[in-house]
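Student: Below are the C-alpha coordinates for one structure; questions will follow.
The values are calculated or read from the model by the stated rules, or taken from the named source; none is laboratory data. No experiment lies behind these values; they were computed from the predicted model shown. In this analysis, Cβ positions are derived from the backbone assuming ideal geometry, glycine residues included, and neighbour counts consider all displayed protein chains. Note: areas computed on protein heavy atoms with side chains; ligands, DNA, RNA excluded. Shrake-Rupley method; radii C 1.70, N 1.55, O 1.52, S 1.80 Å.
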Amino acid sequence: MDDFAKCFSATLSCLSPRESTRRVQNIAFFLPTARSPRENARSEPIIRYNLGMFRLMCVTAHPDDEAGSFGGTLRTYRDRGTETCVVCLTPGQAASNRGGARSDQELAAMRKREFLASCEILGVSKPIIFDYPDGQLYRQELNRIVYQLTLEVRRFRPHVLLTFGPEGGVTGHPDHSMAGVFAGLAFHWAGRANRYSDQLHSGVEPHRTQKLYYGAAGFALPGRPPITFAPRTTAIDIGNHLETKVAAFKAHKTQAPLWPHFEENAQKLGAKELFHLAASIRPGPIENESDLFAGVEE
Ligand SMILES: [Zn+2]
(Lines give C-alpha, C1' and ligand atoms only; values in the text may rest on other atoms or scores of the structure.)
Protein backbone atom coordinates (compact mmCIF):
# COMPACT_ATOMS: atom_id res chain seq x y z
CA MET A 1 0.00 0.00 0.00
CA ASP A 2 1.27 3.43 -0.92
CA ASP A 3 1.30 5.32 2.38
CA PHE A 4 2.38 8.55 0.73
CA ALA A 5 -0.60 8.58 -1.62
CA LYS A 6 -2.92 7.42 1.15
CA CYS A 7 -1.83 10.31 3.33
CA PHE A 8 -2.53 12.84 0.60
CA SER A 9 -5.80 11.13 -0.23
CA ALA A 10 -7.12 12.11 3.19
CA THR A 11 -5.95 15.70 2.71
CA LEU A 12 -7.50 15.99 -0.71
CA SER A 13 -10.80 14.28 0.00
CA CYS A 14 -12.45 17.59 0.88
CA LEU A 15 -11.45 19.21 -2.41
CA SER A 16 -13.51 19.12 -5.58
CA PRO A 17 -12.39 16.46 -8.13
CA ARG A 18 -10.92 19.16 -10.37
CA GLU A 19 -9.01 20.77 -7.52
CA SER A 20 -7.82 17.37 -6.31
CA THR A 21 -6.48 16.49 -9.73
CA ARG A 22 -4.60 19.77 -10.05
CA ARG A 23 -3.02 19.28 -6.62
CA VAL A 24 -2.21 15.65 -7.33
CA GLN A 25 -0.47 16.61 -10.55
CA ASN A 26 1.73 18.95 -8.50
CA ILE A 27 2.33 16.35 -5.82
CA ALA A 28 3.06 13.65 -8.41
CA PHE A 29 5.92 15.81 -9.70
CA PHE A 30 7.73 15.29 -6.39
CA LEU A 31 6.85 11.62 -5.98
CA PRO A 32 10.03 10.03 -7.41
CA THR A 33 12.34 11.93 -5.05
CA ALA A 34 10.02 11.58 -2.04
CA ARG A 35 10.78 7.86 -1.84
CA SER A 36 13.99 6.19 -0.80
CA PRO A 37 15.81 4.08 -3.43
CA ARG A 38 14.87 0.99 -1.44
CA GLU A 39 11.20 1.95 -1.64
CA ASN A 40 11.45 2.59 -5.36
CA ALA A 41 12.96 -0.85 -5.83
CA ARG A 42 10.00 -2.59 -4.24
CA SER A 43 7.81 -4.40 -6.71
CA GLU A 44 4.58 -4.03 -4.75
CA PRO A 45 1.51 -3.15 -6.80
CA ILE A 46 0.84 0.58 -6.93
CA ILE A 47 -2.70 1.53 -5.99
CA ARG A 48 -3.66 4.91 -7.31
CA TYR A 49 -5.66 7.22 -5.08
CA ASN A 50 -7.12 10.63 -5.89
CA LEU A 51 -8.80 9.32 -9.01
CA GLY A 52 -10.66 12.59 -9.34
CA MET A 53 -10.99 12.53 -13.09
CA PHE A 54 -11.75 8.83 -13.42
CA ARG A 55 -15.13 7.22 -13.95
CA LEU A 56 -16.34 3.72 -13.11
CA MET A 57 -19.55 2.23 -14.57
CA CYS A 58 -21.28 -0.91 -13.33
CA VAL A 59 -24.07 -2.74 -15.20
CA THR A 60 -26.33 -5.02 -13.13
CA ALA A 61 -29.64 -6.85 -13.46
CA HIS A 62 -31.56 -6.36 -10.20
CA PRO A 63 -31.79 -3.82 -7.39
CA ASP A 64 -29.45 -5.26 -4.68
CA ASP A 65 -26.82 -6.52 -7.20
CA GLU A 66 -25.02 -3.19 -6.90
CA ALA A 67 -24.61 -3.79 -3.16
CA GLY A 68 -24.26 -7.57 -3.04
CA SER A 69 -21.80 -8.04 -5.90
CA PHE A 70 -20.04 -4.69 -6.34
CA GLY A 71 -20.86 -2.61 -3.24
CA GLY A 72 -17.47 -2.62 -1.53
CA THR A 73 -15.64 -1.71 -4.73
CA LEU A 74 -18.08 1.05 -5.70
CA ARG A 75 -17.73 2.70 -2.30
CA THR A 76 -13.97 2.21 -2.12
CA TYR A 77 -13.42 3.93 -5.47
CA ARG A 78 -15.87 6.68 -4.62
CA ASP A 79 -13.74 7.39 -1.55
CA ARG A 80 -10.70 7.63 -3.80
CA GLY A 81 -12.44 10.36 -5.80
CA THR A 82 -13.80 8.28 -8.70
CA GLU A 83 -17.19 9.13 -10.19
CA THR A 84 -19.41 6.06 -10.29
CA CYS A 85 -22.50 5.09 -12.30
CA VAL A 86 -24.69 2.01 -11.82
CA VAL A 87 -27.10 0.94 -14.56
CA CYS A 88 -29.61 -1.65 -13.32
CA LEU A 89 -31.68 -3.26 -16.09
CA THR A 90 -34.77 -4.38 -14.16
CA PRO A 91 -36.68 -3.09 -11.10
CA GLY A 92 -36.74 -6.64 -9.69
CA GLN A 93 -40.52 -7.04 -9.94
CA ALA A 94 -40.40 -10.89 -10.07
CA ALA A 95 -38.67 -11.34 -6.70
CA SER A 96 -39.96 -14.07 -4.36
CA ASN A 97 -39.64 -11.67 -1.40
CA ARG A 98 -42.27 -9.01 -2.03
CA GLY A 99 -42.29 -6.87 1.11
CA GLY A 100 -46.10 -6.74 1.20
CA ALA A 101 -46.42 -5.40 -2.37
CA ARG A 102 -49.81 -6.18 -3.93
CA SER A 103 -48.66 -6.12 -7.54
CA ASP A 104 -45.55 -6.26 -9.68
CA GLN A 105 -45.87 -2.52 -10.29
CA GLU A 106 -45.98 -1.79 -6.57
CA LEU A 107 -42.94 -4.01 -5.91
CA ALA A 108 -41.07 -2.35 -8.81
CA ALA A 109 -41.76 1.09 -7.32
CA MET A 110 -40.60 -0.04 -3.86
CA ARG A 111 -37.44 -1.64 -5.21
CA LYS A 112 -36.55 1.43 -7.28
CA ARG A 113 -36.61 3.49 -4.08
CA GLU A 114 -34.50 0.86 -2.33
CA PHE A 115 -32.01 0.93 -5.21
CA LEU A 116 -31.64 4.70 -4.84
CA ALA A 117 -31.19 4.37 -1.05
CA SER A 118 -28.50 1.71 -1.55
CA CYS A 119 -26.74 3.85 -4.19
CA GLU A 120 -26.78 6.75 -1.73
CA ILE A 121 -24.97 4.62 0.86
CA LEU A 122 -22.46 3.51 -1.78
CA GLY A 123 -21.90 7.11 -2.92
CA VAL A 124 -22.95 6.31 -6.50
CA SER A 125 -22.83 9.54 -8.52
CA LYS A 126 -25.26 8.45 -11.24
CA PRO A 127 -27.79 5.69 -10.47
CA ILE A 128 -29.92 4.58 -13.45
CA ILE A 129 -32.66 1.94 -13.38
CA PHE A 130 -34.48 0.58 -16.44
CA ASP A 131 -37.85 -1.16 -16.60
CA TYR A 132 -37.01 -4.43 -18.32
CA PRO A 133 -38.86 -7.45 -16.92
CA ASP A 134 -37.12 -9.27 -14.09
CA GLY A 135 -36.40 -12.92 -14.94
CA GLN A 136 -36.96 -12.29 -18.65
CA LEU A 137 -33.81 -10.57 -19.85
CA TYR A 138 -32.92 -13.53 -22.09
CA ARG A 139 -36.20 -13.00 -23.97
CA GLN A 140 -35.62 -9.29 -24.65
CA GLU A 141 -34.45 -7.85 -27.94
CA LEU A 142 -30.68 -7.78 -27.64
CA ASN A 143 -30.26 -4.84 -30.02
CA ARG A 144 -32.60 -2.61 -28.00
CA ILE A 145 -30.80 -3.11 -24.68
CA VAL A 146 -27.31 -2.89 -26.17
CA TYR A 147 -28.36 0.33 -27.94
CA GLN A 148 -29.45 1.87 -24.63
CA LEU A 149 -26.35 0.72 -22.78
CA THR A 150 -24.08 1.94 -25.57
CA LEU A 151 -25.68 5.38 -25.25
CA GLU A 152 -25.16 5.34 -21.46
CA VAL A 153 -21.48 4.42 -21.98
CA ARG A 154 -21.07 7.23 -24.52
CA ARG A 155 -22.70 9.71 -22.11
CA PHE A 156 -20.89 8.73 -18.88
CA ARG A 157 -17.60 7.90 -20.66
CA PRO A 158 -16.24 5.47 -18.05
CA HIS A 159 -12.58 4.46 -17.90
CA VAL A 160 -13.54 1.07 -16.43
CA LEU A 161 -16.72 -1.01 -16.74
CA LEU A 162 -17.82 -3.71 -14.28
CA THR A 163 -20.51 -6.30 -14.87
CA PHE A 164 -21.29 -10.00 -14.46
CA GLY A 165 -19.65 -12.72 -16.53
CA PRO A 166 -21.80 -14.95 -18.74
CA GLU A 167 -21.84 -17.56 -15.94
CA GLY A 168 -24.15 -15.19 -14.03
CA GLY A 169 -22.09 -14.50 -10.93
CA VAL A 170 -22.20 -16.45 -7.70
CA THR A 171 -25.93 -17.23 -8.07
CA GLY A 172 -25.73 -18.08 -11.79
CA HIS A 173 -28.94 -16.05 -12.34
CA PRO A 174 -29.74 -15.88 -16.09
CA ASP A 175 -30.52 -12.15 -15.77
CA HIS A 176 -26.97 -11.61 -14.48
CA SER A 177 -25.59 -13.54 -17.45
CA MET A 178 -27.60 -11.43 -19.88
CA ALA A 179 -26.63 -8.16 -18.16
CA GLY A 180 -22.99 -9.19 -18.71
CA VAL A 181 -23.59 -10.07 -22.36
CA PHE A 182 -25.39 -6.78 -23.09
CA ALA A 183 -22.80 -4.74 -21.18
CA GLY A 184 -19.92 -6.54 -22.90
CA LEU A 185 -21.28 -5.64 -26.33
CA ALA A 186 -21.91 -2.04 -25.25
CA PHE A 187 -18.32 -1.87 -23.95
CA HIS A 188 -16.96 -2.83 -27.38
CA TRP A 189 -19.48 -1.07 -29.62
CA ALA A 190 -19.52 2.29 -27.81
CA GLY A 191 -16.02 2.94 -29.16
CA ARG A 192 -16.89 2.24 -32.80
CA ALA A 193 -18.25 5.13 -34.85
CA ASN A 194 -19.99 2.70 -37.21
CA ARG A 195 -22.17 1.22 -34.42
CA TYR A 196 -25.36 3.13 -33.61
CA SER A 197 -24.03 6.16 -35.45
CA ASP A 198 -27.46 7.83 -35.08
CA GLN A 199 -26.46 8.48 -31.43
CA LEU A 200 -23.50 10.60 -32.50
CA HIS A 201 -24.88 14.11 -32.28
CA SER A 202 -25.44 16.80 -29.62
CA GLY A 203 -22.06 16.10 -28.02
CA VAL A 204 -22.36 12.29 -27.95
CA GLU A 205 -19.20 10.75 -29.36
CA PRO A 206 -17.74 7.24 -29.62
CA HIS A 207 -16.08 6.24 -26.36
CA ARG A 208 -13.52 3.51 -25.71
CA THR A 209 -13.69 2.29 -22.13
CA GLN A 210 -10.21 1.10 -21.22
CA LYS A 211 -10.98 -2.03 -19.21
CA LEU A 212 -13.87 -4.48 -18.82
CA TYR A 213 -14.19 -6.62 -15.70
CA TYR A 214 -16.53 -9.43 -14.72
CA GLY A 215 -17.27 -10.07 -11.08
CA ALA A 216 -15.44 -13.25 -10.03
CA ALA A 217 -16.34 -15.42 -7.08
CA GLY A 218 -14.19 -17.04 -4.45
CA PHE A 219 -16.64 -19.91 -4.01
CA ALA A 220 -19.91 -21.30 -5.36
CA LEU A 221 -23.08 -21.33 -3.29
CA PRO A 222 -24.14 -24.81 -2.20
CA GLY A 223 -27.24 -26.50 -3.62
CA ARG A 224 -27.23 -24.74 -6.98
CA PRO A 225 -26.63 -25.91 -10.56
CA PRO A 226 -22.91 -26.00 -11.43
CA ILE A 227 -21.28 -22.65 -12.21
CA THR A 228 -17.94 -22.36 -14.01
CA PHE A 229 -16.20 -19.15 -12.98
CA ALA A 230 -13.77 -16.99 -14.90
CA PRO A 231 -10.36 -16.95 -13.20
CA ARG A 232 -9.85 -14.07 -10.83
CA THR A 233 -7.21 -11.61 -11.94
CA THR A 234 -7.98 -8.76 -9.58
CA ALA A 235 -8.67 -8.53 -5.84
CA ILE A 236 -9.88 -5.21 -4.48
CA ASP A 237 -9.29 -4.54 -0.79
CA ILE A 238 -12.53 -2.93 0.42
CA GLY A 239 -11.30 -2.45 4.00
CA ASN A 240 -14.06 -1.46 6.38
CA HIS A 241 -16.50 -1.05 3.49
CA LEU A 242 -17.54 -4.64 4.07
CA GLU A 243 -19.87 -3.01 6.61
CA THR A 244 -20.96 -0.36 4.10
CA LYS A 245 -21.73 -3.10 1.59
CA VAL A 246 -23.89 -4.95 4.13
CA ALA A 247 -25.64 -1.68 5.06
CA ALA A 248 -26.36 -0.98 1.37
CA PHE A 249 -27.76 -4.49 0.94
CA LYS A 250 -30.02 -3.86 3.93
CA ALA A 251 -31.39 -0.74 2.23
CA HIS A 252 -33.31 -3.34 0.19
CA LYS A 253 -35.94 -3.78 2.87
CA THR A 254 -38.27 -5.88 0.69
CA GLN A 255 -35.45 -8.44 0.54
CA ALA A 256 -35.07 -8.68 4.34
CA PRO A 257 -35.41 -12.51 4.35
CA LEU A 258 -32.16 -12.64 2.32
CA TRP A 259 -30.17 -10.49 4.75
CA PRO A 260 -28.83 -13.25 7.09
CA HIS A 261 -27.73 -15.46 4.18
CA PHE A 262 -26.11 -12.51 2.41
CA GLU A 263 -24.28 -11.35 5.51
CA GLU A 264 -22.94 -14.86 6.16
CA ASN A 265 -21.54 -15.10 2.61
CA ALA A 266 -20.18 -11.54 2.70
CA GLN A 267 -18.30 -12.31 5.93
CA LYS A 268 -16.97 -15.51 4.36
CA LEU A 269 -15.47 -13.58 1.44
CA GLY A 270 -14.14 -10.93 3.82
CA ALA A 271 -12.90 -7.44 3.03
CA LYS A 272 -12.23 -8.02 -0.65
CA GLU A 273 -14.07 -8.28 -3.94
CA LEU A 274 -12.77 -10.34 -6.85
CA PHE A 275 -12.83 -9.59 -10.58
CA HIS A 276 -11.79 -11.06 -13.90
CA LEU A 277 -10.17 -8.73 -16.42
CA ALA A 278 -12.11 -9.63 -19.58
CA ALA A 279 -10.85 -6.95 -22.00
CA SER A 280 -8.29 -4.16 -22.02
CA ILE A 281 -7.19 -1.62 -24.63
CA ARG A 282 -3.63 -2.59 -23.63
CA PRO A 283 -3.64 -6.32 -24.14
CA GLY A 284 -0.85 -8.43 -22.71
CA PRO A 285 -0.29 -11.22 -20.22
CA ILE A 286 -2.68 -11.24 -17.29
CA GLU A 287 -1.16 -10.04 -14.05
CA ASN A 288 -2.58 -10.20 -10.56
CA GLU A 289 -3.94 -6.72 -9.93
CA SER A 290 -5.09 -4.93 -6.81
CA ASP A 291 -6.42 -1.82 -8.59
CA LEU A 292 -9.07 -1.66 -11.32
CA PHE A 293 -7.40 1.48 -12.68
CA ALA A 294 -3.89 -0.02 -12.99
CA GLY A 295 -2.51 1.15 -16.35
CA VAL A 296 -5.57 3.33 -17.05
CA GLU A 297 -4.88 6.79 -18.47
CA GLU A 298 -7.00 9.92 -18.33
ZN1 LIG B 1 -29.40 -10.23 -9.04
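Student: Using the Karplus equation 6.51 cos²θ - 1.76 cosθ + 1.60 (θ = phi - 60°), what ³J(HN,Hα) coupling, rounded to whole Hz, does each residue of the range 281-298 give in order, writing x for Gly and Pro?
Tutor: 6, 10, x, x, x, 6, 10, 6, 10, 10, 8, 4, 9, 4, x, 7, 10, 5
Student: Measure out, as a whole number of angstrom, how far apart the alpha-carbon centroids of the range 209-282 and the range 179-194 sit.
Tutor: The range 209-282 and the range 179-194 have Cα centres spaced 23 Å from each other.
Student: Also, I was wondering about something else. Each residue of the range 179-190 in turn: what ³J(HN,Hα) in whole Hz from Karplus with 6.51, -1.76, 1.60 and θ = phi - 60°, glycine and Pro shown as x?
Tutor: Result, rounded to whole Hz: 4, x, 5, 4, 5, x, 5, 4, 4, 6, 6, 4.
Student: A follow-up question, please. Which FRET efficiency, nearest 0.05, do residue 201 and residue 264 yield, Cβ-Cβ r, R0 35 Å?
Tutor: My answer for the efficiency is 0.10.
Student: Report the net charge of residues surrounding residue 87, where surrounding means a beta-carbon distance below 9 angstrom and charges are Lys +1, Arg +1, Asp -1, Glu -1.
Tutor: Cβ neighbours under 9 Å give a net charge of 0.
Student: Lysines near residue 245 by alpha-carbon distance under 16 Å, same-chain residues fewer than 8 away left out - which ones?
Tutor: 253, 268, 272
Student: When only Cα pairs under 8 Å and 6 or more residues apart are kept, what is the percent relative contact order across the range 147-246?
Tutor: Computed value for the range 147-246: 33 percent relative contact order.
Student: Next question, about the same structure. Within 10 Å, count the other beta carbons around each residue, average over each peptide in 255-262, 218-225, and list them highest first.
Tutor: Highest to lowest by the protection proxy: 255-262, 218-225.
Student: Further question: Applying the Karplus parametrisation 6.51 cos²θ - 1.76 cosθ + 1.60 with θ = phi - 60° to the phi angles of the range 71-78, what ³J(HN,Hα) value in whole Hz is obtained for each residue in order, glycine and proline being reported as x?
Tutor: Result, ordered by residue: x, x, 5, 4, 6, 4, 6, 4 Hz.
Student: Taking amide hydrogens as modeled 1.01 Å from N in the peptide plane, which residues meet the under 5 Å criterion relative to residue 98, leaving out close sequence neighbours?
Tutor: none
Student: Using a/c under 1.5 as the rounded threshold, could you call the range 58-151 rounded, prolate or oblate? The axes a ≥ b ≥ c are square roots of the C-alpha gyration tensor eigenvalues, and prolate needs a/b larger than b/c, oblate otherwise. Before the final figure, lay out each step's value.
Tutor: Details: a/c = 2.36, a/b = 1.28, b/c = 1.85.
Judged from the Cα gyration tensor, the range 58-151 comes out oblate (a/c at least 1.5, b/c at or above a/b).
Student: Extending each Cα 7 Å along its Cβ direction at residue 141 and residue 220, get the distance between those two points in nm, one decimal.
Tutor: 3.7
Student: Then there is this: Roughly how many Å² is the accessible area per residue of the range 195-298, as a whole number, for a 1.4 Å probe?
Tutor: Per residue, the range 195-298 has an accessible area of 54 Å².
Student: Further, regarding this structure: Pull out a ≥ b ≥ c, the square roots of the eigenvalues of the alpha-carbon gyration tensor of the range 98-151, then state rounded if a/c is under 1.5, prolate if not and a/b is larger than b/c, and oblate in the remaining case. Write down the numbers at each step before the final one.
Tutor: Numbers: a/c = 3.19, a/b = 1.17, b/c = 2.72.
Because a/c hits 1.5 or more and a/b fails to exceed b/c, the range 98-151 counts as oblate.
Student: Separate question: For the range 165-298, what % of the accessible area comes from carbon and sulfur atoms, probe 1.4 Å?
Tutor: Here carbon and sulfur together make up 55 percent of the probe-accessible area.
Student: Which distance in nm do the two modelled labels at residue 253 and residue 104 give, with both placed 7 Å along the Cα-to-Cβ direction?
Tutor: Label-label distance for residue 253 and residue 104, simple model: 2.5 nm.
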